[in-house]
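Only one structure is covered here, and it is reproduced in the block below.
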Amino acid sequence: MERTLFDKIWDQHVVTDLGSGMNLLHVDRILLHDLSGFRALRALDDAGETVIHPELVVACPDHTVASDPTNPFASETYDRVGDEFRILCQRHKIRHYDVESQEFGILHIIGPELGLTLPGTTLVCGDSHTCTHGGLGSLAWGIGSSELVNVLASQTIIQRKPKRMRVNFEGSLQEGVTPKDMILHLIGQSGVEAGDGFAVEYAGTAIRKLNIEGRLTVCNLSIEMGAKYGMVAPDEKVFDYLRDRKHVPQDEIWDKAVTHWRKLHTDDDAIFEKEVLIEVEDLKPHVTWGTSPEHVIAIDGAVPGLDSTYGEEERLAVSAALDYIGLEPGTPIEGVDIDWVFIGSCTNSRISDLRAAASVIKGRKVVEGVTAWVVPGSAMVKAEAESEGLDKIFIEAGFDWRVPSCSLCVGANGDILSPGERSISTSNRNFVGRQGPGSRTHLASPTMAAAAAITGKITDVRKLV
Amino acid sequence: MQAFTKLTAIAAPLFRPNINTDIITPMQFLVGTSREAMGDILFAPWRFNDDGSENPDFILNMEHFREARILIGGPNFACGSSRESAVWALHSFGFRAVIAPSFGGIFANNCFQSGMLPIVLPEKKVAALVRQLDAAPHTATFTIDLETLLVLPSQGEAIPFKIEEFRRTALLEGLDDLGLMKKHSDKISAFQTTDRRSRPWIYSENFG
């Protein structure tokens, strides 16, 4: 029978069928962070359970560590969990990459970077952006703390098999348009619920042309469309990217793995319950205007009004979003003043993101009154950027060059905006209070964020390049 | 885990689309709040004013709905972050079931870990229930029967719902997932033995 990429990986991991569409699946990799992972390890202890395969688990305290280079341990949350998390990991013999280690970073950055994430694997983490790892052809998804306890204790998880959806991105991106714009456009067009109950495969010529980091960015926002799983079929680019990374297999085992991975693609006649086509030729840079990732428009668009076809409840939601974000209907999004620029997060803090932003910044200055941060996604990204001199470009322009952390994406480490402040941010959620109580977030690509740093306003980066 | 068989309780309508788990339990209150105390921060941005006082217009602050045990949410209820605190906060406040046209996928799984019943009903049916409650809040006592798979509003017809038989049995008996997974430990071992041969790169000896 013809099968999709998703089916091939899912089927390979079924330990047993539990009936009514539920399967017991083997889990190949578990990532733990210092909030849900910490709670899970405590709960595991309380239940008297043990970690059955600690060697398949990797932990990193990315959420509560701050991006302050002088004191990444400054947050109250780190005080509460940091030491105990490390001790719990040690006791359970779980590899814990500490802040000082050269492997440290945001889990969804270091997974691919260290070769912890491999094509065809199942990978879970107590974090909804775990779908990021799908960019390498891994079936990866976010789970809650209790599910995490179950996985740690059994190396399996009970899941209902989702439906399949394929998004075909066709064509070539124009200069100044990025993978972030592709996925924001999709979410804007389809809505934040379109992927609920689906595993999404991203395909098409535009996806094939993307480098691995661009694919990771696309997959990262799958959950913002409601899809727990988002993935791209692995190809030679993936194998080239992974070869010789820290945790990948070597020699004949590597060759055997690659042979296996080459079979991981959707068969020609496989069926998807839902298919979407997006032509990217005319795609423009996108930016969000509201408090949901589906509140997104092209840079030449205007904040929508309330006179469209909304139902009553949706009308109230849009009205509340406009009220919170402090913008009037009809306001052109280009030209909206910002206070903050955040380049970072598991969405857009990889080396190619920093290179792209630096290319816009080079020789220019951050406008007075704007606070601009670059938070590299990992120690490796930071070191690589510094070896290329990107840090100097940012610092000379007036950016803060920070240390790896989830930082301003999550509001869990002391890095927050003040109430009412407005940011342009390369992260993934513009939710109410996401960057701190009262914060106003506009999601965009790294180059769009860089452009706004220079002008102090939401700006079409294509006018600067 | 607490078993769920039949629940008769007040249902509170909160019929807004795409309520995310950041609203249900905001990050700034999460760390340091115990699972049992999470009810105190439930829907904090809506439930409380900036000075910490109660927002009298929020549904759960209205006298009649303070004792609600059933929540009626909008489409894509509890989307976003995987934080299980969303379930714990609802549970700690007293909720035992949520009715909505659809749920965030991670949240729905999390519900079953705490004996919380997520019920999916067609959007029109949910909207009709909400209209009924808006018009006549005193009619808000509903019964949910997991044995017969029926929602019985105080007015109007019983509404059937579906749930995976596997989940239904677990809720009725108060069984958690791990207990069931352990019943399959032989199958898990056998899977790994075979898998180790076909995919040796997954396992520790090849995990540098």
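Residues in region B:30-49 that are surrounded by fewer than 20 Cβ atoms within 10 Å (Cβ to Cβ) and either assigned to a strand (DSSP E or B) or more than 10 Å from chain A (Cβ to nearest Cβ) (or both): B:THR33, B:SER34, B:GLU36, B:ALA37, B:GLY39, B:ASP40, B:ARG47, B:PHE48, B:ASN49. When A:ALA270 is evaluated against the numbered criteria (1) in contact with a helix residue (DSSP H, G or I) (Cβ under 9 Å, 6 or more places away or on another chain); (2) assigned by TED's automatic domain parsing to the domain that holds A:GLU103; (3) in contact (Cβ under 8 Å) with a residue 24 or more places away in the chain, which criterion, by number, is the only one it fails? Single failed check for A:ALA270: (2).
Do we have any residue at all in region B:12-29 that's more than 11 Å from every other protein chain (Cβ to nearest Cβ) and charged (D, E, K, R)? Within region B:12-29, none of the residues are more than 11 Å from every other protein chain (Cβ to nearest Cβ) and charged (D, E, K, R). Return yes or no: is A:GLY436 part of a loop (DSSP other than H, G, I, E, B), surrounded by fewer than 24 Cβ atoms within 10 Å (Cβ to Cβ) and out of contact with any Cys (no Cβ under 8 Å at 6 or more places or on another chain)? Against the criterion (part of a loop (DSSP other than H, G, I, E, B), surrounded by fewer than 24 Cβ atoms within 10 Å (Cβ to Cβ) and out of contact with any Cys (no Cβ under 8 Å at 6 or more places or on another chain)), A:GLY436 qualifies.
Applying the criterion of being among the acidic types (Asp, Glu) and under 24 Å from A:ASP7 (Cβ atoms) to the residues of region A:225-279, the residue that is surrounded by the most Cβ atoms within 10 Å (Cβ to Cβ) is A:ASP235.
Residue check, A:ASN23 against (1) more than 9 Å from every other protein chain (Cβ to nearest Cβ); (2) within 20 Å of A:LEU116 (Cα to Cα), all met but one. Which one? Every listed condition holds for A:ASN23 apart from (2).
All conditions in (1) within 11 Å of another protein chain (Cβ to nearest Cβ); (2) touching a strand residue (DSSP E or B) at 6+ places or on another chain (Cβ under 9 Å); (3) of a type in the set (Ser, Thr, Tyr) hold for A:SER67, with the sole exception of (1). If you go through region A:386-418 and keep only what is closer than 17 Å to A:ARG350 by Cα, buried (at least 24 other Cβ atoms within 10 Å of the Cβ) and of a type in the set (A, V, I, L, M), you end up with A:LEU390, A:LEU408.
Within region A:209-244, the set of residues being more than 26 Å from A:GLY191 (Cβ to Cβ) and charged (D, E, K, R) comprises A:LYS209, A:GLU213, A:ASP235, A:GLU236, A:LYS237, A:ASP240, A:ARG243, A:ASP244. Which ones in region A:85-118 are of a type in the set (A, V, I, L, M) and within 11 Å of chain B (Cβ to nearest Cβ)? Correct list: A:LEU114, A:LEU116, A:LEU118. Cβ-Cβ contacts under 9 Å between residues 6 or more apart (or on different chains), taken from a first residue in region A:1-12 that is in contact (Cβ under 8 Å) with a residue 12 or more places away in the chain to a second residue that is surrounded by fewer than 17 Cβ atoms within 10 Å (Cβ to Cβ) and in a helix (DSSP H, G or I), are listed as A:ARG3/A:ASP11; A:GLN12/B:SER198. The strands (runs of 3 or more DSSP E) falling completely within region A:279-368 that include 1 or more residues that are within 14 Å of another protein chain (Cβ to nearest Cβ) and at pLDDT 95 or above map to A:286-288, A:296-298.
Criterion applied to A:TYR310, A:TYR324 was being within 30 Å of A:PHE198 (Cα to Cα) and more than 20 Å from the chain's Cα centre (by Cα), and the one residue passing it is A:TYR310. Exactly one residue out of B:ALA9, B:ALA3 is surrounded by fewer than 24 Cβ atoms within 10 Å (Cβ to Cβ), part of a loop (DSSP other than H, G, I, E, B) and more than 14 Å from chain A (Cβ to nearest Cβ), and it is B:ALA3.
Just so you know, in region A:119-138 the residues that are in contact with an Asp or Glu (Cβ under 8 Å, 6 or more places away or on another chain) and farther than 20 Å from A:GLU224 by Cβ include one that is nearest to the other protein chains (Cβ to nearest Cβ), and it is A:THR121. Considered as a group, the residues in region A:246-266 that are within 10 Å of another protein chain (Cβ to nearest Cβ) and among the acidic types (Asp, Glu) include one that is nearest to A:GLN12 (Cα to Cα), and that residue is A:GLU252. For beta carbons closer than 9 Å, sequence separation of 6+ or different chains, a first residue in region A:212-232 that is outside the structural domain of A:VAL177 (by TED's automatic domain parsing) and within 14 Å of A:HIS108 (Cα to Cα) and a second that is polar (S, T, N, Q) and at pLDDT 95 or above, there are no qualifying pairs. When you look at B:ARG197, is it within 12 Å of chain A (Cβ to nearest Cβ), loosely packed, with under 13 Cβ neighbours inside 10 Å and farther than 22 Å from B:PHE65 by Cα, yes or no? Criteria met by B:ARG197. Scoring A:ARG160 on the criteria (1) closer than 28 Å to A:PHE272 by Cα; (2) surrounded by 24 or more Cβ atoms within 10 Å (Cβ to Cβ) leaves a single failure, condition (2). Within the bounds of region B:190-203, is there any residue that is in a helix (DSSP H, G or I), farther than 25 Å from A:LEU242 by Cβ, without any contact (Cβ under 8 Å) to a residue 40 or more places away in the chain and in contact with a helix residue (DSSP H, G or I) (Cβ under 7 Å, 6 or more places away or on another chain)? Checked against the condition, which is being in a helix (DSSP H, G or I), farther than 25 Å from A:LEU242 by Cβ, without any contact (Cβ under 8 Å) to a residue 40 or more places away in the chain and in contact with a helix residue (DSSP H, G or I) (Cβ under 7 Å, 6 or more places away or on another chain), region B:190-203 yields no hits at all. Among the residues of region A:235-246, is there at least one that is aliphatic (A, V, I, L, M), outside any strand (DSSP E or B) and touching a strand residue (DSSP E or B) at 6+ places or on another chain (Cβ under 6 Å)? No - not one qualifying residue is present in region A:235-246. Considering region B:53-166, the qualifying helices (runs of 4 or more DSSP H), each wholly inside and each with 3 or more residues that are more than 10 Å from every other protein chain (Cβ to nearest Cβ), run over B:85-93, B:123-135.
Of all residues in region A:142-159, count the ones that are more than 7 Å from every other protein chain (Cβ to nearest Cβ) and closer than 19 Å to B:GLY104 by Cβ. Total satisfying the criteria: 3.
The values are calculated or read from the model by the stated rules, or taken from the named source; none is laboratory data. This structure is a prediction, so every number in the text was calculated from the model and none was measured. Here Cβ is always computed from backbone atoms with ideal geometry, including for glycine, and neighbour counts include all displayed protein chains.
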